[in-house]
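S.K.: Please read through the structure below; I'll follow up with questions.
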Amino acid sequence: MENRLQSQIQEAIDEFSTMASQITPSPRRVASSKDKKTNVNQNMIKNALKKICPKGKSKVITSDFITHYQNLEKLIPFCSSPKSFHSAWDLRSEILNKFDADRLVNEGAQIIPLNKNERLFQTIQQGVELGKNQRLISFVRHSAGNYDDDLDNQGRFSYQPPNDATGMLRYRWSQYLSKKLEVSLIVIAVMWFTYRVSNSINQVFVAAPAKIIEFDKDLANLDGSLQEPLTLQTINRIDAYNFLNITNSLNETSFEIQTRRDLPDALAREWEFERINSSEKGRKIKRFAQKQGKTCPGTLCNHIKFAQLPNRNIAFGHIISQKWISCFNFLLDKRDHPDNLYLSCQKCNSSLSDNFPDSELRNEIEKMGTIGDWLRDHKESIRKS
């Protein structure tokens with residue numbers, strides 16, 4: 001049975017193929033290739049699409065997608081922190097000494113010796129390593145000592161595509177999937193150094209997960225951006241696992257259950273229950289709901305419109321009640337999260353007490369959205385309300 005992930009991948013294939021058909025024949029120059037240009041025509045684009053995201057193959061591509069990230073997941077424990085990866089990058093040397101190595105480890109680096117059984121930890125000159133059936137990018141290799149590459153203070157850097165139509169289009173496909181799935185795809189960035197471990201091991205590696213960012217500009221004009229680099233940002237292991245959890249959830253859920261992308265921590269803290277209950281922030285949310293014509297998800301009031309109620313009769317409800325969560329310590333930090341909150345009239349909210357919403361109420365909350373859902377889609381409108 002087709003699940004949410006396969007459905008979204010199918011839509012992405014069709015939409016991306018249509019966009020790619022508008023790419024005009026012309027020579028393209030990748031920045032890293034200096035003056036060398038590559039001619040690109042529609043035959044090349046069609047062949048690239050057949051390899052990366054062939055039409056009518058959503059089931060196979062979804063399977064390859066899951067396998068691809070299952071393979072990457074096994075390597076996340078060997079990744080370093082963004083801070084230590086930045087420090088390793090800034091060494092600007094192919095040689096690592098024991099003092100540098102010690103500093104990197106103290107900053108959260110995992111320095112991995114050469115391993116002939118794992119390509120991530122091999123000194124391969126190929127810059128981009130591909131996953132199953134060459135659909136997605138697994139690793140990008142940075143050459144330590146390269147003074148032309150820049151990694152900024154937020155861990156962002158650009159990585160040039162291979163100088164061929166398929167490699168260029170694969171970058172744009174990765175960006176389009178990130179947009180379609182509403183979660184940035186990840187790769188692993190890796191660099192290696194000369195460091196004598198033993199007579200047979202003279203190289204070590206520092207790797208970090210990185211997510212694809214800033215893709216809207218490229219996708220707005222695929223013809224103009226085809227040869228542009230991929231913009232990446234290093235992330236910590238927890239963020240990498242969150243991405244993997246979301247994709248697994250998409251692969252397991254039906255269309256009746258919505259899978260939500262993570263709400264940024266700062267935004268979640270800003271709009272948690274204690275900060276919106278009986279405050280100006282809370283009143284902004286209520287005014288937003290009134291302007292949008294939203295109604296109470298409960299049935300006792302017959303789904304009254306919030307615009308018909310004074311603010312004092314509008315309440316913030318907890319999907320999982322505060323008292324129930326208090327029984328389970330592992331849930332305490334999620335109790336007041338915006339994704340556990342919804343807007344209700346005072347009457348319906350009081351009637352729920354410490355009980356869970358029944359299936360009818362849950363469905364109504366799904367349709368209306370949680371406070372977290374509203375923040376994802378209408379953050380600025382809420383602030384201005």
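No value in this document is a laboratory result; all are computed from the given coordinates. The structure presented is a predicted model; accordingly, all values stated were derived computationally and were not measured. Here the Cβ positions follow ideal geometry from the backbone for every residue, glycine too, while neighbour counts run over all protein chains shown.
S.K.: Quote to one decimal, in nm, the extra length available between residue 359 and residue 126 on full extension: 0.36 nm per residue of separation minus the C-alpha distance between them.
M.R.: Contour length minus the Cα-Cα distance gives 78.6 nm.
S.K.: Here's something else I'd like to know. Tell me which residues come under 5 Å, amide H to amide H, from residue 138 once H is placed; ignore anything under 5 positions away on its chain.
M.R.: HN-HN under 5 Å from residue 138: 129, 130, 131.
S.K.: In degrees from 0 to 90, rounded to the nearest 10, what is the angle of the helix 237-252 Cα long axis to the longest principal axis of the chain?
M.R.: Taking Cα atoms only, the helix is inclined about 70 degrees.
S.K.: In nm, to one decimal, how far is the modelled label at residue 378 from the one at residue 14, with both set 7 Å along Cα→Cβ?
M.R.: Distance between the two pseudo-spin positions: 2.9 nm.
S.K.: Express in whole angstrom the spacing between the alpha-carbon centres of segment 84-145 and segment 197-226.
M.R.: Their Cα centres are 11 Å away from one another.
S.K.: When DSSP assigns beta bridges and you keep just the ones with both residues in the chain, what percent turn out antiparallel, to the nearest 5?
M.R.: That works out to approximately 85 percent antiparallel.
S.K.: So what's the back-of-envelope 222 nm ellipticity for the chain, counting only DSSP H runs of four-plus at -39500 (n - 2.57) apiece and dividing by all residues, rounded to 500?
M.R.: Helix-only estimate at 222 nm: -12500 deg cm²/dmol.
S.K.: For residue 90 and residue 266, calculate 0.36 nm times their separation in residues minus their Cα-Cα distance, and state this gained length in nm to one decimal.
M.R.: Here the answer is 60.5 nm.
S.K.: So which of 116/211; 74/132; 57/217; 294/367; 55/132 end up more than 22 Å apart, counting from Cα to Cα?
M.R.: 116/211; 57/217
S.K.: If you don't mind, there's one more thing I want to ask. Quick one: putting +1 on the C-beta of Lys and Arg, -1 on the C-beta of Asp and Glu, what dipole do you get for segment 68-121 around its Cα centre, in Debye to the nearest 20?
M.R.: For this selection, approximately 100 debye.
S.K.: Evaluate E = 1/(1 + (r/R0)^6) for residue 367 and residue 196, where r is the Cβ-Cβ distance and R0 equals 56 Å; express this FRET efficiency to the nearest 0.05.
M.R.: That pair, residue 367 with residue 196, gives E of 0.35.
S.K.: Let me ask another. Once you order the gyration tensor axes a ≥ b ≥ c over the Cα atoms, which shape class does segment 265-384 get: rounded for a/c under 1.5, otherwise prolate or oblate by comparing a/b with b/c?
M.R.: oblate
S.K.: Still on this structure, please answer the following. Run the numbers for residue 97 and residue 36: contour at 0.36 nm per residue of separation, minus the present Cα-Cα distance, in nm.
M.R.: 18.2 nm
S.K.: GNM, the chain, Cα, under 10 Å: largest mean-square fluctuation among 318, 337, 303?
M.R.: So, out of 318, 337, 303, the one fluctuating most is 303.
S.K.: With a bin width of 5 angstrom, please list the P(r) values of segment 4-252 as percents of all Cα-Cα pairs, from the 0 bin to the one holding the largest distance.
M.R.: Spelled out bin by bin, segment 4-252 gives 1, 6, 14, 18, 18, 16, 12, 8, 5, 2, 0, 0 percent.
S.K.: Quick check for me: using +1 on Lys/Arg Cβ and -1 on Asp/Glu Cβ, what's the dipole size of segment 165-256 about its Cα centre, in debye to the nearest 20?
M.R.: Around 400 debye, computed over segment 165-256.
S.K.: Sequence neighbours fewer than 8 away in the same chain don't count; with that in mind, list the aspartates and glutamates whose C-alpha is under 18 Å from residue 281.
M.R.: Straight-line reach from residue 281, under 18 Å: 265, 270, 272, 336, 339, 373, 377, 380.
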